[in-house]
Structures are given as structure tokens and as C-alpha cells.
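Below is one structure, written out as C-alpha cells; the observations come after it.
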């Protein structure tokens with residue numbers, strides 16, 4: 001058939017395998033997220049944004065793993081094991097992402113290089129930067145002067161976040177220089193991994209004194225709110241900001257870096273500054289902890305949407321040389337004849353995880369195509 005949007009000859013299906021638009025007049029390129037069909041591009045889904053290579057079922061498994069980890073953090077806090085809860089919170093999202101890199105085999109044939117230059121190097125840089133910041137700003141009391149002392153405001157609320165965002169993408173960019181990973185989706189994933197490693201190190205170093213001084217059993221008090229920040233919101237902020245910056249810088253080597261990519265970098269840095277500065281200013285003015293968490297969630301949501309738009313554009317632009325081939329869609333599990341996107345569900349094949357044909361539960365392509373309900 002001929003696609004009514006791009007006018008190319010494509011296999012019969014609900015979606016065009018070239019432009020990924022529905023076979024409807026003037027279908028929007030943002031109507032559905034190519035990495036995970038069924039969601040709008042502007043929907044800030046955490047798992048479907050940061051785990052783009054996972055299939056539909058695997059995303060649910062990782063979502064349940066995240067919820068189980070949060071439940072462990074909560075139970076440890078309720079039991080008075082605050083130090084253990086803090087450690088669990090710091091490791092939760094980075095460990096999940098490490099499992100994701102292994103499960104989706106994003107590293108292809110270079111696991112040591114990818115893991116070393118992303119999460120590993122992110123941890124090393126996080127330790128170095130956080131120790132330097134902690135030692136050089138030890139005389140500054142955020143709880144008393146942040147927002148009123150100009151030096152403290154500019155140093156801890158502006159300078160430190162900017163320096164962190166300059167340093168955090170460096171490990172991921174080393175992989176770009178190797179020439180093995182050229183797709184922008186790789187840059188986003190590797191940037192997120194480096195940011196999560198940095199977040200893990202920052203949390204451990206910042207609370208090292210607390211971890212060593214707290215008794216085995218402690219009154220949980222109001223620890224539950226900071227634990228939500230350190231287990232989910234802070235790692236997501238670090239990972240998303242660095243992923244967006246690395247994804248934008250991934251275009252430098254191809255000569256396609258422009259105003260839009262520069263705007264993405266500026267927005268990511270501004271989001272980091274807003275996360276830190278806004279949280280502290282709200283705390284200084286004694287706003288509810290719920291309000292502070294809501295502000296942090298808004299900042300993270302904006303960063304996730306930025307990454308989704310970047311990833312959508314990258315998937316629509318890249319992969320034009322894949323050529324037509326018979327394969328099995330990891331999302332809808334049908335045998336398909338496609339080039340870039342599944343004609344049945346719209347899944348981008350460029351971010352499909354490796355799939356064993358022996359385990360593929362696919363329906364034959366010769367069957368009549370029923371009305372497709374995308375999850």
C-alpha cells in the first residue's frame with residue numbers, strides 16, 4: 001500500500017513502517033511514542049522513557065521491581081533502620097538501570113566499556129566532585145543562609161549544578177568518540193546511566209557521616225520525605241538531565257548540532273538548578289514537604305518529556321538504511337515485514353531488544369489483521 005502521509009510504498013498495516021504515522025490523514029508525528037506505542041510523546045512516563053529498549057512485558061516487570069524497591073525503603077524506614085533505608089534508596093534506581101543495560105544488551109559487544117564509561121565512571125566522578133564540594137563549602141549552612149546569602153545562593157544553587165552538568169556527560173561522550181555507538185538513542189541511554197552513577201555517589205558521600213553515626217535503630221521521624229527524594233526524584237533528575245545533554249551532544253560529530261540541541265542543554269542545566277534551588281527555597285520558607293516533593297516531580301517530569309521528544313525525533317530520523325526484512329515485533333509479537341517501525345503497532349525496531357526466535361510467540365503474518373488495540 002502507499003502511505004497517505006509520506007507517500008512511500010509500505011507493507012499493509014495500521015502504521016507506516018517509514019514515517020511511523022497512523023494511516024490517517026494528517027496524522028501527527030507525536031501522536032504515539034515510537035519506543036513504546038500506546039503512549040503519547042508528551043506523557044512523562046518514567047519507565048517507558050528511560051528504558052526505551054524494553055518490550056511491553058519487560059517494562060511492567062521493571063515497574064514492579066521499582067515499586068518493590070520503594071516498598072523496601074518504606075519498610076526499613078518504618079522499622080527504624082534509617083541507615084539501611086538510605087542505602088537502599090541510593091542504590092535502587094542505579095541498580096535497576098544496570099539490570100536494564102544487561103537485559104536489553106544496549107552495550108552490544110562491549111559490556112566492559114559501556115558499564116565502565118557510564119555507571120562506573122559516573123560513580124568515580126560523583127565521589128570526586130561531591131567530596132570537593134563538601135570540603136570547600138563546609139562552612140556554608142544551607143538551612144540558614146540559602147536564599148539570603150548571595151554567595152551561598154550562587155555557589156550551591158547555581159555554580160555547583162552547572163559544574164556537575166558539565167562533568168557528568170563526559171564518560172558517555174568517551175563512547176561517542178570510539179565510533180561504535182553513533183545513534184542518538186545510545187547517547188541518551190548512556191547519559192542517563194552516567195547521571196545515575198553520579199547520583200549514587202553523591203548521596204553516599206553527602207550522607208557518609210549520617211550513615212556512620214546513626215545507631216542500628218533510629219526514630220524514623222520525617223525521614224520518609226527525604227527518602228522519596230533520594231530513592232526516586234534525585235536519581236531521575238540527575239539521570240534525565242545528563243541523558244538530555246549527552247543526547248544533544250551526540251549530534252556534534254554528525255554536524256547536526258544546532259539551536260534546538262543548544263536549547264536542550266540549557267533547559268537541562270536550568271532544570272537541575274531549579275530542582276536544587278527551588279527545593280531549598282521552599283524548605284527555607286517552611287512549605288510542606290509534599291509541596292517540595294511536588295516541585296521536584298514537576299522538574300523531573302519536564303526533563304522526561306524533553307528526553308521523549310528527543311528520542312522520538314531520533315527514531316524518526318535514524319535507521320533509514322535498515323532495509324525491509326522479516327522479523328518479529330517485540331511489542332505485539334507478530335511476524336512482520338518492515339523497515340523502521342512495526343506496521344501493526346508502530347514500535348521502533350531500532351530500540352528493540354535482542355529476541356530469541358525460539359521464544360517468540362508470534363502470530364503468522366498471513367492471518368487477517370484484527371482491529372489493533374495498542375496497550
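Yes or no, residue by residue, for (1) in contact with a helix residue (DSSP H, G or I) (Cβ under 9 Å, 6 or more places away or on another chain); (2) modelled with pLDDT under 90; (3) closer than 22 Å to residue 308 by Cα:
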| residue | (1), (2), (3) |
| --- | --- |
| 162 | yes, no, no |
| 165 | yes, no, yes |
| 168 | yes, no, yes |
| 178 | yes, yes, no |
| 183 | yes, yes, yes |
| 191 | yes, no, yes |
| 195 | yes, no, yes |
| 200 | yes, no, no |
| 203 | yes, no, no |
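Determine which single condition residue 99 fails, assuming it passes every other condition in (1) more than 17 Å from residue 196 (Cα to Cα); (2) surrounded by fewer than 16 Cβ atoms within 10 Å (Cβ to Cβ).
(1)
Inspect all residues belonging to region 160-179 and state whether any of them is surrounded by fewer than 17 Cβ atoms within 10 Å (Cβ to Cβ), assigned to a loop (DSSP other than H, G, I, E, B) and either touching a strand residue (DSSP E or B) at 6+ places or on another chain (Cβ under 9 Å) or touching a residue at least 40 places away in the same chain (Cβ under 8 Å) (or both).
No - not one qualifying residue is present in region 160-179.
Test residue 129 against the stated conditions and say whether it is surrounded by 16 or more Cβ atoms within 10 Å (Cβ to Cβ) and touching a residue at least 12 places away in the same chain (Cβ under 8 Å).
yes
Inside region 104-119, can you point out the residues that are buried (at least 18 other Cβ atoms within 10 Å of the Cβ) and in contact (Cβ under 8 Å) with a residue 12 or more places away in the chain?
Result: 104, 106, 114, 117, 118, 119.
For region 303-319, does any single residue satisfy the condition of being modelled with pLDDT under 80, touching a helix residue (DSSP H, G or I) at 6+ places or on another chain (Cβ under 7 Å) and part of a loop (DSSP other than H, G, I, E, B)?
So far as region 303-319 goes, yes, one or more of its residues are modelled with pLDDT under 80, touching a helix residue (DSSP H, G or I) at 6+ places or on another chain (Cβ under 7 Å) and part of a loop (DSSP other than H, G, I, E, B).
Condition test on residue 325, is it under 21 Å from the mean Cα position of the chain (by Cα), more than 17 Å from residue 243 (Cβ to Cβ) and either modelled with pLDDT under 80 or crowded, with 24+ Cβ neighbours inside 10 Å (or both)?
No; evaluated as a whole, the condition is false for this residue.
I'd like to verify a number: residues in region 211-262 that are part of a loop (DSSP other than H, G, I, E, B) and either loosely packed, with under 12 Cβ neighbours inside 10 Å or modelled with pLDDT under 75 (or both), how many?
Here the count works out to 12.
Counting just the residues of region 49-61 that are without any contact (Cβ under 8 Å) to a residue 60 or more places away in the chain and touching a helix residue (DSSP H, G or I) at 6+ places or on another chain (Cβ under 6 Å), which one comes out surrounded by the most Cβ atoms within 10 Å (Cβ to Cβ)?
Selected residue: 51.
Results for (1) over 30 Å from the mean Cα position of the chain (by Cα); (2) farther than 16 Å from residue 311 by Cα, shown as yes or no for each residue.
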position: 2; (1), (2): yes, yes
position: 6; (1), (2): yes, yes
position: 10; (1), (2): yes, yes
position: 35; (1), (2): no, no
position: 41; (1), (2): no, no
position: 46; (1), (2): no, no
position: 49; (1), (2): no, no
position: 53; (1), (2): no, no
position: 59; (1), (2): no, yes
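Give region 251-288 a look and list any residue that's within 19 Å of the chain's Cα centre (by Cα) and without any contact (Cβ under 8 Å) to a residue 12 or more places away in the chain, or say none.
Hits for region 251-288 are 263, 266, 270.
The values are calculated or read from the model by the stated rules, or taken from the named source; none is laboratory data. The model shown is predicted, which means the values in this text are computed figures rather than measured ones. Note that each Cβ is placed from the backbone with ideal geometry, even for glycine, and that neighbours are counted across all protein chains shown.
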